[in-house]
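All remarks here apply to the structure that follows.
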Amino acid sequence: MTPRSTQFVRIFAGAFLLLFFLTSRGEQDDMRTTPLKPDETLVFIATAASLDERSDTWRVPLHAWAYEPEESVIRKRVIAEALDRKYGLKVTDATRDNFTRRVNLFLGDNERGKSIVIRIAGTAIELPPTQPNGHVYHMLTLDGDAVAQHRTGRVLRFTAVLPEFDRRVFEGHVTLIEPAGLSIVSDIDDTVKITHVIDHGKMFDATFFQDFQPAPGMAELYRGWVDNGAVVHFVSSSPWQLHGPLVEFFDTAGFPFATVSLKHVRFKDSTFFDLFKSGEETKPRQIEPLLQAYPRRRFVLVGDSGEQDPETYADLYRRHPSQIERIYIRNVTGARSDDARFARVFRDISPTRWRLFDDPTGLSMP
């Protein structure tokens with residue numbers, strides 16, 4: 001073999017080995033999958049992404065929840081007996097399906113240490129391991145061009161990467177929110193869904209036994225606002241275990257697509273009758289990050305008079321007066337806007353900035 005031939009063989013061999021290495025590495029990356037057992041399930045929570053205009057990148061918060069559904073006849077019977085004994089609530093043929101499904105969500109086994117792999121904007125991403133409560137949060141930065149190629153309108157969809165033998169599909173989506181515009185931050189219970197939070201017996205009946213009922217006119221109001229360019233964020237003190245039933249309710253009741261932020265409850269650490277914490281504890285931690293992520297957007301806060309929404313929203317307004325345009329409070333207590341409570345809560349806030357309403361059809365979009 002001539003020296004030139006030998007040199008050619010070496011170059012060819014080197015190129016072949018490099019190509020093999022790169023191809024093998026790509027295949028290994030593509031082979032990463034989510035180790036989800038057949039009896040485990042995965043939920044992706046709808047989140048909102050924000051655009052960094054200087055770098056043309058999107059900050060995409062990802063939120064996943066892995067758990068194993070559980071059917072515990074004994075524990076379910078104990079809960080049914082406790083609700084009957086305390087509030088006279090009985091499982092009937094008409095309410096059995098709702099009760100079984102919703103209680104079982106609280107009895108499920110959260111999966112900790114689960115490494116979830118997703119494919120988003122053409123890239124495989126492995127999220128950090130799930131926490132003891134089965135949830136994982138991860139902030140991802142995506143190139144603007146990659147997002148543009150894979151988005152559909154305001155929505156960027158992604159899926160979990162599973163082994164080939166697992167034919168299930170777990171899909172999530174992120175709302176791509178522009179730096180400027182109008183955002184609606186809305187409570188859920190007694191604002192858009194009739195829950196009777198101030199009456200514990202009625203609340204547990206509405207939460208675990210009855211079909212969820214929409215507050216009159218609220219779905220139409222939010223659809224109209226979204227049709228005019230607004231986006232909606234639902235925040236609530238309801239537990240994450242009710243996420244699935246709530247998302248189905250939003251869809252069937254005709255509410256527009258929205259992000260959802262609920263409250264963590266570790267069922268083993270709390271009594272069943274202490275599932276709904278005060279909004280004063282949970283909502284500032286849910287709303288403040290939205291105000292920080294979108295400093296140029298205008299916000300409308302919508303809640304109800306049943307618990308602490310007026311107090312919570314008024315405090316938020318005082319900290320962010322340039323961002324919060326309006327506070328709307330649904331009247332579920334038969335209150336008057338000139339009652340002592342509202343005079344105290346909104347004492348230093350202009351009457352043009354807040355409103356107590358009975359009929360949502362009179363509410364305007366700022």
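The values are calculated or read from the model by the stated rules, or taken from the named source; none is laboratory data. Just so we're clear, the structure is a prediction, and the values are computed from it rather than from any experiment. When we count neighbours, we look across all protein chains shown, and the Cβ atoms used for this are built from the backbone with ideal geometry, even at glycine.
Worth a mention:
- Every residue from the stretch 107-142 that is of a type in the set (Asp, Glu) and part of a strand (DSSP E or B): Asp109, Glu126
- Annotation note: Cβ proximity below 7 Å between a residue of the stretch 44-72 that is touching a residue at least 24 places away in the same chain (Cβ under 8 Å) and under 15 Å from Ala293 (Cα atoms) and a residue that is part of a loop (DSSP other than H, G, I, E, B) and of a type in the set (Ser, Thr, Tyr) (sequence gap 6+ or interchain) occurs for Ser50/Tyr294.
- Residue match in the stretch 345-363 (condition: under 22 Å from Leu182 (Cβ atoms), touching a residue at least 12 places away in the same chain (Cβ under 8 Å), outside any loop (DSSP other than H, G, I, E, B) and under 23 Å from the mean Cα position of the chain (by Cα)): no
- Look at the stretch 154-181: where a residue is more than 26 Å from Pro295 (Cβ to Cβ) and a partner is acidic (Asp, Glu) and outside any loop (DSSP other than H, G, I, E, B), sitting 6+ places away or on another chain with Cβ atoms under 6 Å, you get Thr159/Glu171.
- Checked against the criterion of being buried (at least 19 other Cβ atoms within 10 Å of the Cβ) and over 18 Å from Trp240 (Cα atoms), the candidates Ala66, Ala121 yield just one match: Ala121.
- Test: residue in the stretch 135-143 that is among the acidic types (Asp, Glu), touching a helix residue (DSSP H, G or I) at 6+ places or on another chain (Cβ under 8 Å) and at pLDDT 95 or above: no
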